[in-house]
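See below for the structure under consideration.
The values are calculated or read from the model by the stated rules, or taken from the named source; none is laboratory data. Just so we're clear, the structure is a prediction, and the values are computed from it rather than from any experiment. With ideal geometry, Cβ positions are generated from the backbone for all residues, glycine too; neighbour counts draw on all protein chains shown. Areas reflect the complete protein model, heavy atoms only, side chains present, ligands, DNA and RNA absent. Shrake-Rupley method; radii C 1.70, N 1.55, O 1.52, S 1.80 Å.
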Amino acid sequence: MSENTGKSVFQADSLEASLTVGQLERSAAWYCDALGFALDRRHERAGQLIAISLQAGAVKILLTQDDGAKGTERIKGEGMSLQITTSQDAHDVASRLKAHGSTLDTEPTRMPWGVTVLRVRDPDGFRLTVSSTHPAPESRTGG
């Protein structure tokens, strides 16, 4: 790896995620109902649903149905976490997740650098960190 000279050769504009899930409809419902994503598009091949595109603002996630070729019980999402930044209040996001039956890995916590973060796992175990830039009221500065 070359030394960082402050000059990047690669200029990226966005990053989208593609997640292989065990039950496509269940996962899409969780992202839409519990987290608040919108359905963008359903992808079919030979009349069978194979993927669902979701969007929340500039963030896009493609959920694809696991075909079982690598085993039906394989662990998904191990060793990675997706961070989603929002200007919405993290406590409101947490309340919505809980109202839809989700258990948070980490309650909304105000970080020293000024954001509030919460951590949650989707139905397949993919880790998500929601980082909120929304100013926290004085009564919500802790975890």
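Of all residues in segment 76-126, those being assigned to a loop (DSSP other than H, G, I, E, B), more than 22 Å from residue 29 (Cβ to Cβ) and of a type outside the set (Gly, Ala, Ser) number 7.
Filtered by the rule that a residue be touching a His at 6+ places or on another chain (Cβ under 8 Å) and of a type in the set (Ser, Thr, Tyr), segment 30-62 gives a lone residue, 53. Taken together, the residues in segment 44-70 that are in contact (Cβ under 8 Å) with a residue 40 or more places away in the chain and not β-branched (Val, Ile, Thr) amount to 6.
In contact with a helix residue (DSSP H, G or I) (Cβ under 8 Å, 6 or more places away or on another chain) and crowded, with 17+ Cβ neighbours inside 10 Å: is that true of residue 102 in this structure? Please lay out each step first, then the result.
Details: in contact with a helix residue (DSSP H, G or I) (Cβ under 8 Å, 6 or more places away or on another chain): yes; crowded, with 17+ Cβ neighbours inside 10 Å: yes.
Spelling it out, residue 102 is indeed in contact with a helix residue (DSSP H, G or I) (Cβ under 8 Å, 6 or more places away or on another chain) and crowded, with 17+ Cβ neighbours inside 10 Å.
Taking segment 44-54 as the range and being exposed (fewer than 15 other Cβ atoms within 10 Å of the Cβ) and assigned to a strand (DSSP E or B) as the test, the residues that pass are 44, 45, 48, 49, 50. Can you confirm whether residue 73 is without any contact (Cβ under 8 Å) to a residue 60 or more places away in the chain, farther than 16 Å from residue 119 by Cα, acidic (Asp, Glu) and open to solvent by 70 Å² or more (accessible area, probe 1.4 Å)? Criteria met by residue 73.
Would you please name the residue that is nearest to the chain's Cα centre (by Cα), looking only at residues in segment 18-28 that are surrounded by fewer than 15 Cβ atoms within 10 Å (Cβ to Cβ) and either at pLDDT 95 or above or hydroxyl-bearing (Ser, Thr, Tyr) (or both)?
My answer is 18.
Of all residues in segment 76-86, which are touching a residue at least 12 places away in the same chain (Cβ under 8 Å), open to solvent by 70 Å² or more (accessible area, probe 1.4 Å) and either over 15 Å from the mean Cα position of the chain (by Cα) or more than 18 Å from residue 111 (Cβ to Cβ) (or both)? If the condition is that a residue be touching a residue at least 12 places away in the same chain (Cβ under 8 Å), open to solvent by 70 Å² or more (accessible area, probe 1.4 Å) and either over 15 Å from the mean Cα position of the chain (by Cα) or more than 18 Å from residue 111 (Cβ to Cβ) (or both), then 78, 80 are the ones that fit. Scanning segment 60-70 for residues that are at pLDDT 95 or above and either in contact with an Asp or Glu (Cβ under 8 Å, 6 or more places away or on another chain) or open to solvent by 70 Å² or more (accessible area, probe 1.4 Å) (or both) yields 60, 61, 62.
Residue 41 passes every criterion in (1) assigned to a strand (DSSP E or B); (2) in contact (Cβ under 8 Å) with a residue 40 or more places away in the chain apart from (2).
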